Amino acid sequence: MSINYASFFIALIAFVILYWLLNKYAFGPLFSIMEKRRELVTSQMNEAAQTREQAIAYVEEQKKALENARKEAYDIIEQSRQTSSKQADQIMEQAKVEASRIKEDAVRDIASEKNKAVQELRSELGAVSVKIASKLLEKEVSSDKAQEELVDQYLKEVGGRP
């Protein structure tokens, strides 16, 4: 096998010219487009990383805000419980004071009515005693037993017993 040097040089020269033309007109724009694409992908990756970091920061911020809201809600509920407990205690205390006042008024009324009843009973007893004495004076009885029967009879009349 023999090498044809003339064809070899022509092929070599054609290859060099083709390489030079491709390098000048095709590879430059192609590499430029590839470089722009690489920069675009890099910038998108950087933006994605920044967005992810912002999202993480936002999620953390939202967690803190939610935790603060829960704490405030718990504080409000606890404050409401304490307030309602205080109000319940105040209402109970007022009810006790009112019940005590009503009881004292009732005791005073009972004592007053008792005193009135005792006064009326005394006045009636005095009147009855006078009637008994006048009846005894009107009637003269010789025995003690007869006097006792007379007193019992008048007491029965006064007491409303037959």
request  = Using a 10 angstrom cutoff on alpha carbons, build the Gaussian network for the chain and name the most mobile of Lys103, Lys24, Lys114.
outcome  = Lys24
key: Charge-dipole axis of the chain as Lys and Arg at +1 and Asp and Glu at -1 on Cβ define it, positive-most pick from Gln153, Val97, Ile33   = Ile33
message = Taking semi-axes √(5λ) of the Cα gyration tensor in Å straight from the coordinates, which label in (1) 36, 25, 11; (2) 44, 22, 13; (3) 137, 15, 8 is the correct one?
response = (3)
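As a test of the formula, what do you get for the chain when each DSSP H run with n ≥ 4 contributes -39,500 (n - 2.57) and the sum is divided by the residue count, at 222 nm and rounded to the nearest 500 deg cm²/dmol? Let's see the in-between values first.
Values: 3 runs with 144 residues, N = 162.
Roughly -33000 deg cm²/dmol at 222 nm, from the helical runs in the chain.
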key: Rounded percent of accessible protein surface that carbon and sulfur make up, the chain, 1.4 Å probe   = 60
note = Per GNM of the chain with C-alpha springs under 10 angstrom, the most fluctuating residue out of Glu149, Glu104, Glu120 is Glu149
ask   = Roughly how many Å² of Asp75 are accessible to a 1.4 Å probe, to the nearest 10?
value = 70
ask   = Between Glu67, Glu35, Glu78, which gets the highest mean-square fluctuation from a Gaussian network model of the chain, Cα cutoff 10 Å?
value = Glu35
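Using +1 on the beta carbon of Lys and Arg, -1 on that of Asp and Glu, and nothing else charged, what's the dipole of the chain about the Cα centre, debye to 20? If you can, show how the numbers build up before the last one.
On the way: 24 positive and 26 negative charges, 215 e Å.
Using only the charged Cβ atoms, the result is roughly 1040 debye.
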remark   = Taking the alpha-carbon centre of each part, the distance from segment 67-140 to segment 1-53 in Å is 109
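In Å², and per residue, what accessible area does the chain have when probed at 1.4 Å with the other protein chains present?
Working: 14870 Å² over 162 residues.
In whole numbers, the chain has 92 Å² accessible per residue.
The values are calculated or read from the model by the stated rules, or taken from the named source; none is laboratory data. If you're wondering where the values come from, they're calculated on a predicted model, not measured in any experiment. Virtual Cβ from ideal backbone geometry, glycine too; neighbours counted across all protein chains shown. Accessible surface areas use protein heavy atoms only, side chains included; no ligands, DNA or RNA. Shrake-Rupley method; radii C 1.70, N 1.55, O 1.52, S 1.80 Å.
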